Amino acid sequence: MGEFNVHRVRFFNYVPSGIRCVAYNNQSNRLAVSRTDGTVEIYNLSANYFQEKFFPGHESRATEALCWAKGQRLFSAGLNGEIIEYDLQALNIKYAMDAFGGPIWSMAASPSGSQLLVGCEDGSVKLFQIIPDKIQFERNFDRQKSRILSLSWHPSGTHIAAGSIDYISVFDVKSGSAIHKMLVDRQYMNISKRKCIIWGVAFLSDGTVISVDSAGKVQFWDSATGTLVKNHLIANADVQSIAVSDQEDSFVVGTAEGTVFHFQLVSVTSSSSEKQWVRTKPFQHHTHDVRTVAHSPTALISGGTDTHLVIRPLMEKVEVKNYDAALRKITFPHRRLISCSKKRQLLLFQFSHHLDLWRLGSTIATGKHGDTLPLSKDADHLLHLKTKGPENIICSCISPCGSWIAYSTASRFFLYRLNYEHDSISLQRVSKMPAFLRSALQILFSEDSTKLFVASNQGSLHIIRLLEGNFKHLHTFQPQSGTVESMCLLAVSPDGNWLAASGTSAGVHVYNIKRLKLHCTVPAYNFPVTALAIAPNTNNLVIAHSDQQIFEYSIPDKQYTEWSRTIQKQGFHHLWLQRDTPITHISFHPKRPMHILVHDAYMFCIIDKSLPLPNDKTLLYNPLPPMNESDVIRRRTAHAFKISKIYKPLLFMDLLDERTLVAVERPLDDIIAQLPPPIKKKKFGT
């Protein structure tokens, strides 16, 4: 592993957007997450918590509510007053409907999943009927005096609870009228005139309404009489979110102090059938506000301003030690935001609304293994390319030669020609790009930079020939058998003959670029693809899946290679399979055909196919530095997996040439430093 010069890049100033809402779907075991920039992400919890889909953000879409409905339909609503339904196949917005109540603060689907409630700024609660392909307004409930900040259905679907400012209303769904108004006490607040905001409500089967508010209280109400039953003061700041388990035997709340509290329904005595709610476990996995929580059958899920999605397993619910038994903290997207021009040693960084182009620094100094070499020439910031309009960038790419940059938003596709003259750079936009290229999910250039491959959200693959400052559309591969299967990952062979494309659920398709036809389809696998690449010379396709399995498929022979069959027969090391971040990039050494280079967020690995595979008794990774030269040689020849954990969190790593690597890191401390300050808590002795 000590045979490379490594560019350690830490000037990618990427800060993920904070998490605003999470919504868990029990039927599909998927989690929808909305962020403050309007981005919505879908995580497949059954596939090792992989982020399998995402919808790009928009400046005017400040999402305040997110929910699933019958038929695994996903809706969101926000401060622009619109209700949005997402197309989970084409990965775009199906439609947006104005609710005509001003900004929307809350939304909830009925227990049957056939009706949708929204709470608006003007105090109205609106009921919509969910019908095929759209929603239809049904009626308004009695208007309240202030905005409706939280909603919850009774499990029978006959009543709803609505949290507002200073009070909670209980509505009869059939008549639409309010039958109770429960005033919230402010006695725990130092300032008596300050309003008490009901951030969340939960309606239980026995008629109990649980509320959380800005006074730091969790309160239990009897909806039949409209009276307060029990009160818990748990924080000196807002309690901002609540989620209840399906069995109604536990619930979780999140506070503005970054603490998550778990409440459980336990027996008063060992022999008594009487039960009461008890605060059992506090968790401090966040540094800032916990804006939203969810409760899956086996875990507590939370997210907030510190951008982390935290999945905390409930060990009493986990039967087998597997993926569900470990604490997960997901910070970075499971897709690439960085592309590289090896020829000119350039890095293109993708942000929400702009692209940055950097030239790597260089050195003439030499040293021994582990030395940090001084730069003789610093890294140069060559280009800052801002987008026009409110839409976020979906994907971007720079060509291997460094002369082309392409990026896509939901409505437009942009292609630029770069010209380098001494130390200056000029930019020329290619005009009249065809409309069918918009909403591209993946962009890739051929190795010789003469072709551009674009994967659309409708399942089509477009091939564009690049000319001097212009382009020509060569061919479009249509989706198979009329399906709309969005292609999210592309890989092209170095010789330019083969193109591999992977969708969100189907197998990997391999196309013959010269003959412009489908060559073969790799057998489908149960877990989604996280990365793929085609090896030079052999044209073997290497595929990484979210369960940490790696397959090697021979494109010319249309079958798995002997090495791939061997490793599937023996199995991967158990520590390899227990890693919790997906492989996001695969590359190959130009002079060593037996080497495969892969990385995830916390590990870089060279797989040497010529060496024996490790078994579960073998030491997969030795964190201690080698003692001497013979120890170095012994480690190199011990087994096939050579792992380094020096670089982390690792957002991108690739070979620039046979002796040079570039590693882009994003330390978590740098992200936290750019966030707003958290609530200051008094500590003992200070």
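I'd like the chymotrypsin sites (Phe, Trp or Tyr not before Pro) in the range 182-264 restricted to DSSP loop residues with at most 14 other Cβ atoms within 10 Å, sorted by number.
188
Assuming a viscosity of 1.306 mPa s and a temperature of 10 °C, what translational diffusion coefficient in µm² per second does Stokes-Einstein assign to the range 193-240, Rh being the Kirkwood radius over Cα pairs?
For these conditions, the coefficient is 145 µm²/s.
Check each of the chymotrypsin sites (Phe, Trp or Tyr not before Pro) in the range 554-628 and keep only those in coil by DSSP with at most 13 other C-beta atoms within 10 angstrom; list them in order. Walk me through the numbers on the way to the answer.
Values: sites: 560, 563, 572, 576, 588, 602, 604, 621; in loops: 572, 602, 621.
Filter output for the range 554-628: 602.
If you plug each phi of the range 93-110 into the Karplus form 6.51 cos²θ - 1.76 cosθ + 1.60 with θ = phi - 60°, what whole-Hz ³J(HN,Hα) values come out, in order, with x for Gly and Pro?
My calculation for the range 93-110 gives 7, 6, 6, 10, 10, 6, 8, 6, x, x, x, 9, 9, 8, 7, 8, 8, 5 Hz in order.
Considering only protein heavy atoms, with the full assembly of protein chains and a 1.4 angstrom probe, order 281, 645, 569, 275 by accessible area, largest first.
On the way: 281 60, 645 85, 569 180, 275 120 Å².
Listed by decreasing accessible area, they come as 569, 275, 645, 281.
Using a ≥ b ≥ c from the Cα gyration tensor of the range 171-279 (square roots of the eigenvalues), is it rounded, prolate or oblate, where a/c under 1.5 gives rounded and otherwise the larger of a/b and b/c decides, a/b for prolate?
oblate
Just to check I understand the Karplus step: with θ = phi - 60° and J = 6.51 cos²θ - 1.76 cosθ + 1.60, what whole-Hz values come out for the range 294-299, glycine and proline as x?
Whole-Hz 3J(HN,Hα) from phi for the range 294-299: 9, 10, 8, x, 10, 8.
Please report the Cα spread of the range 1-125 along all three principal axes, rounded to whole Å, starting with the longest.
Result for the range 1-125: principal-axis Cα extents of 65, 30, 22 Å.
Residue 557 to residue 660: FRET efficiency via 1/(1 + (r/R0)^6), r the Cβ-Cβ distance, R0 41 Å, to the nearest 0.05? Walk me through the numbers on the way to the answer.
Working: r = 33 Å, r/R0 = 0.80.
Rounded to the nearest 0.05, the efficiency is 0.80.
Could you compute how fast the range 252-294 diffuses translationally, taking Rh as the Kirkwood radius over C-alpha pairs and applying Stokes-Einstein at 20 °C with viscosity 1.002 mPa s? Give it in µm² per second.
Details: Rh = 11.5 Å.
For these conditions, the coefficient is 186 µm²/s.
Based on Cα coordinates alone, diagonalise the gyration tensor for the range 8-65, multiply each eigenvalue by 5, take square roots, and list the semi-axes in whole Å, largest first. Before the final figure, lay out each step's value.
Working: eigenvalues 103, 61, 13 Å².
Calculated on Cα positions only, the semi-axes equal 23, 17, 8 Å.
Give or take rounding to whole Å, what are the principal axis extents of the alpha carbon atoms in the range 101-226, in descending order?
Answer, in whole Å and largest first: 50, 33, 21 Å.
Across the range 437-511, how large is the tail of the calculated P(r) beyond 21 Å, expressed as a percent of all Cα pairs?
21 percent
Test of understanding: express the Cα radius of gyration of the range 402-555 as a ratio to 2.2 N^0.38 Å, with N the residue count.
Ratio of Cα Rg to 2.2 N^0.38 Å: 1.07.
Hey, what's the chain come to in accessible area per residue, 1.4 Å probe, Å²?
Ligands and nucleic acids excluded, the result is 44 Å² per residue.
Cut-off 16 Å, label point 7 angstrom out along Cα-to-Cβ of residue 331: give me the residues of the range 262-306 whose amide nitrogen falls inside.
From the range 262-306, the list is 285-289, 303-306.
Under 8 Å for C-alpha pairs, at least 6 residues apart: give me the relative contact order for the chain, rounded to a whole percent.
8 percent
Using Cα pairs under 8 angstrom and six or more residues apart, how large is the relative contact order of the range 432-481, in percent?
In percent, rounded to a whole number, it is 25.
Taking the Cα atoms only, what angle lies between the long axis of helix 629-638 and the longest principal axis of the chain, rounded to 10 degrees?
Value to nearest ten degrees: 70.
Place +1 on the Cβ of every Lys and Arg and -1 on the Cβ of every Asp and Glu in the chain, take the dipole about the Cα centre, and give the residue among 445, 520, 364 whose Cα lies farthest towards its positive end.
Towards the positive end, the residue furthest out is 364.
Extending each Cα 7 Å along its Cβ direction at residue 278 and residue 362, get the distance between those two points in nm, one decimal.
6.9 nm
Could you work out the per residue convex hull volume over the alpha carbons of the range 542-625, in cubic angstrom?
Convex hull volume per residue, Cα atoms: 120 Å³.
For the range 283-411, restrict the atom set to alpha-carbon positions and state the Rg and Dmax in Å.
Gyration radius and largest Cα-Cα distance of the range 283-411: 21.1, 58 Å.
Going by amide H atoms built from the backbone, whose H comes under 5 Å of the H on residue 216, apart from near neighbours?
239
Give the residue list of trypsin sites (Lys or Arg not before Pro) in the range 360-404 that are DSSP loop and have at most 11 other beta-carbon atoms within 10 angstrom.
Values: sites: 368, 377, 386, 388; in loops: 368, 388.
In loop regions of the range 360-404 (DSSP not H, G, I, E or B), the sparsely surrounded trypsin sites (Lys or Arg not before Pro) are 368, 388.
By its C-alpha gyration tensor, with a ≥ b ≥ c as the square roots of the eigenvalues, how is the range 569-611 shaped: rounded for a/c under 1.5, else prolate for a/b larger than b/c, else oblate?
oblate
Considering only protein heavy atoms and a probe of 1.4 Å, how much of the accessible area of the chain is carbon and sulfur, as a whole percent?
Here it works out to 50 percent.
If you bin the C-alpha pair distances of the chain every 20 Å from 0, what whole percents do you get?
Pairs per bin, as whole percents: 17, 47, 30, 7, 0.
Hey, what did the range 532-586 get for relative contact order, percent, Cα under 8 Å, at least 6 apart?
32 percent
The values are calculated or read from the model by the stated rules, or taken from the named source; none is laboratory data. It should be emphasised that the depicted structure is a prediction, and the values quoted were computed from it without experimental measurement. Note: ideal-geometry Cβ built from the backbone for every residue, glycine included; neighbour counts use all protein chains shown. For accessibility, only protein heavy atoms count, side chains too; no ligands or nucleic acids. Shrake-Rupley method; radii C 1.70, N 1.55, O 1.52, S 1.80 Å.
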